[in-house]
1. Determine the shape class of the range 42-83: with a ≥ b ≥ c the square roots of the Cα gyration tensor eigenvalues, call it rounded for a/c under 1.5, and otherwise prolate if a/b is greater than b/c, oblate otherwise.
2. Using θ = phi - 60° and the Karplus relation 6.51 cos²θ - 1.76 cosθ + 1.60, list the HN-Hα couplings for the range 67-72 in order, rounded to whole Hz, with x at every Gly or Pro.
3. Share of the range 2-155's accessible area from carbon and sulfur, percent, 1.4 Å?
4. Kindly provide the chymotrypsin sites (Phe, Trp or Tyr not before Pro) of the range 45-89 that DSSP labels as loop, not H, G, I, E or B, and whose Cβ sees at most 14 other Cβ atoms within 10 Å.
5. Within a Cβ distance under 9 Å of Ala127, other residues only, what is the Lys/Arg minus Asp/Glu net charge?
6. Counting only residues 5 or more places away or on other chains, whose amide H sits under 5 Å from the amide H of Glu134 once H atoms are built in the peptide plane?
7. Span-like helices, the chain: DSSP H, alpha-carbon axial extent 18 Å or more, mean Kyte-Doolittle -0.5 or greater, which ones?
8. Using a 1.4 Å probe, what is the accessible area per residue for the range 2-155, in Å²?
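The values are calculated or read from the model by the stated rules, or taken from the named source; none is laboratory data. All values reported here derive from a predicted model rather than from experimental measurement. For neighbour counting, all protein chains shown are included, and Cβ atoms are generated from backbone atoms with ideal geometry for every residue, glycine included. Protein only, heavy atoms only, side chains kept; ligands, DNA and RNA dropped before computing areas. Shrake-Rupley method; radii C 1.70, N 1.55, O 1.52, S 1.80 Å.
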Amino acid sequence: MIELVKTMNPEIIERIVEIEAEAFGPGGLNVWYLEPLIRHGRVYIYRLNNEIVGLVNYMLDWDNPKKAYMVGVSISKESRGQGIGAKLLTESFAALTKETIEEVELTVDPNNVAAVRLYEKKLGFLATGFKQDEYGKGEGRLVMKLLLTNFAEKDVM
Ligand SMILES: CC(C)(COP(=O)(O)OP(=O)(O)OC[C@H]1O[C@@H](n2cnc3c(N)ncnc32)[C@H](O)[C@@H]1OP(=O)(O)O)[C@@H](O)C(=O)NCCC(=O)NCCS
């Protein structure tokens with residue numbers, strides 16, 4: 001089950017920062033970036049036996065308030081490859097839909113096989129573009145979108 005993080009709970013923040021550092025190194029979320037996402041965006045965590053094993057976070061698209069931009073998703077190393085990423089995202093889409101979000105957009109490193117497989121094959125995201133050198137020379141990002149109106153939860157779970 002996912003849980004919406006609503007407060008700056010130190011235990012939750014510490015665990016999120018740990019998972020993010022493991023997943024992205026220095027590029028992971030720290031407390032300074034988590035605060036605006038928690039207070040003004042959406043951060044959902046996933047617990048397994050009460051331990052937080054993953055999170056996904058979104059911001060609203062300024063130009064299109066019906067669109068949520070997925071800033072990132074990360075699952076702790078020992079819990080990957082068990083379908084938790086798919087469950088976390090699927091449940092977060094249901095929560096976003098209730099908040100009248102119609103579309104989710106993200107960017108991903110095209111070499112990130114697990115993430116691309118999760119987005120494209122398991123969840124039905126479509127690649128809609130490529131941003132060359134988005135994060136510096138050779139660090140291009142694939143742009144992917146999913147219309148939540150077309151999303152069928154039963155196909156994933
Ligand atoms: C990407 C990530 C969130 C996926 O979470 P997860 O819980 O492992 O996701 P799932 O188990 O639901 O699905 C992952 C799929 O990729 C597959 N996969 C994993 N590693 C793979 C690899 N090296 N090659 C091919 N497929 C791979 C899994 O088998 C699974 O597909 P399947 O269920 O059809 O077998 C997780 O790997 C992660 O946290 N990575 C580090 C952070 C990151 O890259 N985030 C995304 C960028 S924002």
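1. Prolate.
2. Per-residue couplings from phi come out as 10, 9, 9, 7, 6, x Hz.
3. On the way: 4600 of 8880 Å².
Carbon-and-sulfur percentage of accessible area, whole number: 52.
4. Values: sites: Tyr46, Tyr58, Trp62, Tyr69; in loops: Trp62.
Loop-located and lightly packed - Trp62.
5. Details: positive: Lys145; negative: Glu120.
Net charge in that neighbourhood comes out at 0.
6. Result for Glu134 returns Glu139, Gly140, Arg141.
7. Membrane-span-like by this criterion, though nothing is claimed about a membrane: 10-24, 84-98.
8. Roughly 58 Å² per residue, with all protein chains present.
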